[in-house]
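Q: Structure incoming, see below.
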Amino acid sequence: MIPRLLLTLLALPLAAFASADGHDAALIETLAIGLGFAFVGGFIAFRIGLPPLLGYLMAGVAVGPFTPGLIVDASLAPQLAEIGVILLMFGVGLHFSIRDLMRVRGIAIPGAIAQIVVATLMGMGLAEYWGWSLGAGLVFGLALSVASTVVLLRALEARGMLHSEDGQIAVGWLIVEDLVMVLALVMLPALAGPLRGEALDLDALLRSLGLTLAMIALFVVLMLVVGRRVFPWLLAQVEKSGSRELFTLAAVTLSLGVAFLSAEAFGVSFALGAFFAGIVVNESDLSHRAADELRPFQDSFAALFFVSVGMLFDPAILITAPLSVLGVVAVIVIGKSLAAYAIVRLLGWSNGTALNVSAALAQIGEFSFILIGLGLTLGLLPPQAQALAVAGALISIAVNPMVLRFTVRFR
């Protein structure tokens, strides 16, 4: 990487332009500086033979609040990054049929659940060693168990595996992980009291869980019954207009609109909502055109995702708790990979499939930060948990491409 000073000097014109008119331009400033630093860092990483995402991560560190110099709005950056997650999952859904999803359910459902259990137990073991409470260990372990949507999809795309059988298994596995995390986020507030030693309100817990499952089921039914007919028809009508800009706008609106409504009305995550919207649009003959129109938006906002992860990283944790960071990285990169590999093999799949799936899942991301944030809000986690989780995320994301290349030798 180049010195931070040079990065700052290169991005200063962008920052100056963003606030030149004297008005509050936090959104423009965040986009300008975030994308500017991502471009510079990604280009340099590419020129020296490293994955561009490493440059994006270091760009995030450079504009984050824990290092001196330019600082990007820490509240806007994650929201912009979420757009990248939505667009990516919508794009995956555009190439993923219901038949594909059902075909891998025999490995994705039991595999993801078993791996979550094993990884959570490993995280709880670390927490116990550090002297944390049972509740802290449970939340921290769950945060280490779930892979990042953006990183997994980027890794599969880079190796040309996204539409292969192994890629479909990994995506199906990711969908199950996301569903489990949605349930965990709903149940955690109800379980916070018992985890702190208070009495359990079983009726409230069951009501909350039942309502969440019912809302998820209702959302899926509406998408498959109503959306399956409306969305392809809508795209066909727009295509008849002959306007490319209207077609692009329709694709963006469907991806972001359904993701937003799924979260607001049904409690489903943005990523899952966008994925099911993509599956429904896949029924249209225009799905490939929609995917092509969205690709530039996906690439740009996905870069912002990595910038936002880098912004959360406090380099001081590497000095104050280096062994703890190593323990977290070991659970994510080694422990999770070995668990996933063993589970896939036990379910009867080949060595190559087991290696591909386990390597792709050897990182953590967006859901991990959400869980950690909720755990902190509920008073279940010590402040150090967030710094450790972010350090584990950044390091695991950085080494994930190398892990994937390493597995090729053993296929």
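Q: Among all residue pairs at least 6 apart or on different chains, which show Cβ distances below 8 Å where the first residue, located in segment 51-70, is assigned to a helix (DSSP H, G or I) and the second is of a type in the set (S, T, N, Q) and buried (at least 19 other Cβ atoms within 10 Å of the Cβ)?
A: Gly60/Ser308
Q: Identify the residue in segment 162-174 that is more than 19 Å from Gln115 (Cβ to Cβ) and surrounded by fewer than 21 Cβ atoms within 10 Å (Cβ to Cβ) and, among all such residues, is farthest from the chain's Cα centre (by Cα).
A: Going through the qualifying residues, I end up with Ser164.
Q: Follow-up. List the number of the failed condition for Ala74; all other conditions in (1) free of Cβ contacts under 8 Å to residues at least 40 places away in the same chain; (2) surrounded by fewer than 18 Cβ atoms within 10 Å (Cβ to Cβ) hold.
A: Single failed check for Ala74: (1).
Q: Another one. Hey, can you tell me all the residues within segment 349-384 that are farther than 23 Å from Leu195 by Cα, assigned to a loop (DSSP other than H, G, I, E, B) and at pLDDT 90 or above?
A: Trp349, Ser350, Leu361, Ala362, Gln363, Ile364
Q: Can you spot a residue in segment 237-249 that is at pLDDT below 90, more than 30 Å from Ala62 (Cβ to Cβ) and crowded, with 22+ Cβ neighbours inside 10 Å?
A: No; the residues of segment 237-249 include none that is at pLDDT below 90, more than 30 Å from Ala62 (Cβ to Cβ) and crowded, with 22+ Cβ neighbours inside 10 Å.
Q: Could you check Glu177 against (1) surrounded by 16 or more Cβ atoms within 10 Å (Cβ to Cβ); (2) not hydrophobic (A, V, I, L, M, F, W, C); (3) not in a helix (DSSP H, G or I) and say which number it fails?
A: Here Glu177 clears every test but (3).
Q: Sticking with this structure for a sec: Could you say whether any residue in segment 115-132 is at pLDDT below 85 and either part of a loop (DSSP other than H, G, I, E, B) or in contact with a Gly (Cβ under 8 Å, 6 or more places away or on another chain) (or both)?
A: no
Q: A follow-up question, please. So the check is Cβ under 8 Å with 6+ separation or different chains; which pairs have a first residue in segment 220-232 that's surrounded by 12 or more Cβ atoms within 10 Å (Cβ to Cβ) and a second one that's of a type in the set (S, T, N, Q)?
A: Phe231/Ser284; Pro232/Ser284
Q: Sticking with this one: Going residue by residue through segment 86-99, is there one that turns out to be over 20 Å from Phe270 (Cα atoms) and either of a type outside the set (Lys, Arg) or not in a helix (DSSP H, G or I) (or both)?
A: Looking for residues that are over 20 Å from Phe270 (Cα atoms) and either of a type outside the set (Lys, Arg) or not in a helix (DSSP H, G or I) (or both), one finds none in segment 86-99, hence no.
Q: Could you pull out the residue among Gly257, Gly227 that is part of a helix (DSSP H, G or I) and at pLDDT 90 or above?
A: Gly257
Q: Any residue at all in segment 320-330 that's assigned to a loop (DSSP other than H, G, I, E, B) and in contact (Cβ under 8 Å) with a residue 12 or more places away in the chain?
A: Within segment 320-330, one or more residues are assigned to a loop (DSSP other than H, G, I, E, B) and in contact (Cβ under 8 Å) with a residue 12 or more places away in the chain.
Q: Answer with yes or no whether Phe305 is part of a helix (DSSP H, G or I) and either modelled with pLDDT of 90 or more or under 21 Å from Ile175 (Cα atoms) (or both).
A: yes
Q: Now for a separate question. For segment 338-357, what are the residues that are within 22 Å of Asp178 (Cβ to Cβ), surrounded by fewer than 24 Cβ atoms within 10 Å (Cβ to Cβ) and in contact (Cβ under 8 Å) with a residue 24 or more places away in the chain?
A: If the condition is that a residue be within 22 Å of Asp178 (Cβ to Cβ), surrounded by fewer than 24 Cβ atoms within 10 Å (Cβ to Cβ) and in contact (Cβ under 8 Å) with a residue 24 or more places away in the chain, then Ala339, Ile343, Leu347, Trp349, Thr353 are the ones that fit.
Q: Next question, about the same structure. Go through segment 152-179 and give me each residue that's aliphatic (A, V, I, L, M) and farther than 19 Å from Ala259 by Cβ.
A: Selection gives Ala155, Leu156, Ala158, Met161, Leu162, Ile169, Ala170.
Q: Under 8 Å by Cβ, and 6 or more places apart or on different chains, what pairs join a residue from segment 187-214 that is without any contact (Cβ under 8 Å) to a residue 24 or more places away in the chain with one that is among the acidic types (Asp, Glu)?
A: Ala190/Asp201; Gly193/Asp201
Q: Answer with yes or no whether Ala263 is of a type in the set (Gly, Ala, Ser), part of a helix (DSSP H, G or I), out of contact with any Pro (no Cβ under 7 Å at 6 or more places or on another chain) and modelled with pLDDT of 85 or more.
A: Yes: the conditions hold for Ala263.
Q: Here is a follow-up. If only one of Leu205, Leu183, Leu153, Leu195 is of a type outside the set (Asp, Glu) and either at pLDDT 85 or above or within 23 Å of Phe305 (Cα to Cα) (or both), which one is it?
A: Leu153
The values are calculated or read from the model by the stated rules, or taken from the named source; none is laboratory data. This one's a predicted model, so the numbers in the text were calculated from it and none came from an experiment. Virtual Cβ from ideal backbone geometry, glycine too; neighbours counted across all protein chains shown.
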